[in-house]
Amino acid sequence: MESDFLKPEECAEVDMALLSSKEKFSARLAIYALRVLKQIAGETGLSVADVSNQQVMDWVRNDESIQQSIQVDASFENFFTNLVIASLRPLRQIAAESGGAIEQLTVKQVVVWFEKDAKIRRE
């Protein structure tokens, strides 16, 4: 399923990171959320920081790659929307630390931040 959500090079970047399985999942989710949020921002003319929870929910509801999961389990829509919205917290933090906007973040920056965060948590 994750291969549907991340490009192979994005998966490889995360797989090479010194992260636990849980941390890799969080990093993958943040990368996917970044792409979704950039797409929503592009469609609405807003910045990523200004995208509303409702706009995320509408996007999830209308995304063809997610439709099958929603049809199988109606609660998946809310669950997935909440995951994307929750990813904004680390994305905001990464952007603040890099001194740029969320839209300008790269996959590499996200992975490096998750590695740094994991190292701090372990110490």
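For the chain, the percent of C-alpha pairs falling in each 5 Å distance bin, counted from 0 to the bin holding the largest distance, reads 2, 11, 21, 23, 20, 14, 7, 2, 0. When you restrict to C-alpha pairs under 8 Å that are six or more residues apart and normalise by the size of the chain, the relative contact order lands at 33 percent. Among the lysines of the chain, pairs at least eight places apart or on separate chains and with Cα atoms under 19 Å apart come to 12. The calculated 222 nm mean residue ellipticity attributable to helices in the chain amounts to -24000 deg cm²/dmol, summing -39500 (n - 2.57) over DSSP H runs of n ≥ 4 and dividing by all residues.
Every number here is computed from the coordinates shown, using simple stated rules; none is lab data. Note that this is a predicted model, so its numbers are computed, not measured.
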